[in-house]
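Participant: Before I ask anything, here is the structure I am working with.
The values are calculated or read from the model by the stated rules, or taken from the named source; none is laboratory data. Because the structure is predicted, anything quoted here is derived from the model rather than measured. All Cβ positions, even for glycine, are placed from backbone atoms using ideal geometry, and neighbour counts span all protein chains on display.
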Amino acid sequence: MLRNDMSKKEITVIVVALSSPVLIGLYHDNILIDKISSEERSSEILPEIFTELLDKYTIENLIYAKGPGSFMSIKVGYLFLKTISIVNNITFLATDAFYFNKNTPIKAVGKLYFVKTLQEIKTEMFVDAPKSIFELPQELHLEDFEEDTAPAYAIGAV
């Protein structure tokens with residue numbers, strides 16, 4: 001009897017679940033082949049999406065934006081994706097959120113925004129900061145991501 005997953009396409013999945021919308025990119029041979037975007041909460045939509053993805057594909061690598069951003073979104077994303085990676089023996093990688101928004105300020109709280117200068121992430125006050133729009137790369141370079149997947153809260157978690 002043939003194993004069912006032998007015929008599944010092998011993909012890498014990127015998850016950016018730091019704010020709304022949640023973005024998920026599917027990559028085959030390092031090229032973006034599909035994109036999922038949802039305004040739903042990551043805690044509600046990630047299990048739904050991954051049930052379908054794991055049924056349809058063999059996920060080789062799982063990559064996520066580890067922060068900064070919404071503390072709750074970071075926690076939910078990390079715990080969910082770390083569990084999926086362990087249970088399914090998937091390589092789990094990460095990078096900071098600035099990789100996905102062209103290094104623009106990311107909303108923290110009030111008029112505070114996270115900014116990245118060189119390798120340091122700190123907060124700065126902005127009256128009119130640009131809206132941070134996250135985008136998925138068209139082409140994937142695995143060397144851009146690291147094995148340190150611990151959440152990057154940038155300031156103390158609540």
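Participant: Consider Ile63 against the criteria (1) β-branched (Val, Ile, Thr); (2) more than 22 Å from Lys8 (Cα to Cα); (3) at pLDDT 95 or above; (4) under 12 Å from the mean Cα position of the chain (by Cα): it satisfies all of them except one. Which criterion is unmet?
Facilitator: Going through (1) β-branched (Val, Ile, Thr); (2) more than 22 Å from Lys8 (Cα to Cα); (3) at pLDDT 95 or above; (4) under 12 Å from the mean Cα position of the chain (by Cα) one by one, Ile63 breaks only (2).
Participant: Let me ask something else. Given (1) surrounded by 23 or more Cβ atoms within 10 Å (Cβ to Cβ); (2) in contact with a helix residue (DSSP H, G or I) (Cβ under 8 Å, 6 or more places away or on another chain), where does Val76 come up short, assuming only one miss?
Facilitator: (1)
Participant: Among the residues of the stretch 56-115, how many are over 25 Å from Gln138 (Cβ atoms) and either touching a His at 6+ places or on another chain (Cβ under 9 Å) or polar (S, T, N, Q) (or both)?
Facilitator: 4
Participant: Another question, then. Among the numbered criteria (1) without any contact (Cβ under 8 Å) to a residue 12 or more places away in the chain; (2) charged (D, E, K, R); (3) not in a helix (DSSP H, G or I), which one does Glu143 miss?
Facilitator: It fails just one condition, (3).
Participant: I would also like to ask the following. In the stretch 19-60, which residues are of a type in the set (D, E, K, R), within 17 Å of Asn89 (Cα to Cα) and either crowded, with 19+ Cβ neighbours inside 10 Å or under 16 Å from the mean Cα position of the chain (by Cα) (or both)? Outline the logic, then answer.
Facilitator: Let us first name the residues in the stretch 19-60 that are of a type in the set (D, E, K, R), namely 29, 34-35, 39-41, 44, 48, 52, 55-56, 60.
Subsequent filtering for residues that are within 17 Å of Asn89 (Cα to Cα) retains 55-56, 60.
Glu60, the sole residue that qualifies.
Participant: Do we find that Phe114 is out of contact with any Leu (no Cβ under 6 Å at 6 or more places or on another chain), in a strand (DSSP E or B) and among the aromatic types (Phe, Trp, Tyr) in this structure?
Facilitator: On the way: out of contact with any Leu (no Cβ under 6 Å at 6 or more places or on another chain): yes; in a strand (DSSP E or B): yes; among the aromatic types (Phe, Trp, Tyr): yes.
Yes: the conditions hold for Phe114.
Participant: Consider only pairs whose beta carbons are under 6 Å apart and that are at least six residues apart or on different chains; among these, list those whose first residue lies in the stretch 29-48 and is closer than 20 Å to Asn61 by Cβ and in contact (Cβ under 8 Å) with a residue 12 or more places away in the chain and whose second residue is polar (S, T, N, Q) and part of a loop (DSSP other than H, G, I, E, B).
Facilitator: The qualifying pairs are Leu32/Gln138.
Participant: Is it true that Thr123 is more than 20 Å from Glu44 (Cα to Cα), assigned to a loop (DSSP other than H, G, I, E, B) and not hydrophobic (A, V, I, L, M, F, W, C)? Full working, then the answer.
Facilitator: Details: more than 20 Å from Glu44 (Cα to Cα): yes; assigned to a loop (DSSP other than H, G, I, E, B): no; not hydrophobic (A, V, I, L, M, F, W, C): yes.
Judged against the criteria, Thr123 is not a match.
Participant: Next up: From the list Phe126, Phe71, pick out the single residue that is more than 16 Å from Ile24 (Cα to Cα), among the aromatic types (Phe, Trp, Tyr), surrounded by 17 or more Cβ atoms within 10 Å (Cβ to Cβ) and in contact with a Phe, Trp or Tyr (Cβ under 9 Å, 6 or more places away or on another chain). Quick ask: steps written out before the conclusion?
Facilitator: Working: Phe126 fails: surrounded by 17 or more Cβ atoms within 10 Å (Cβ to Cβ).
The match here is Phe71.
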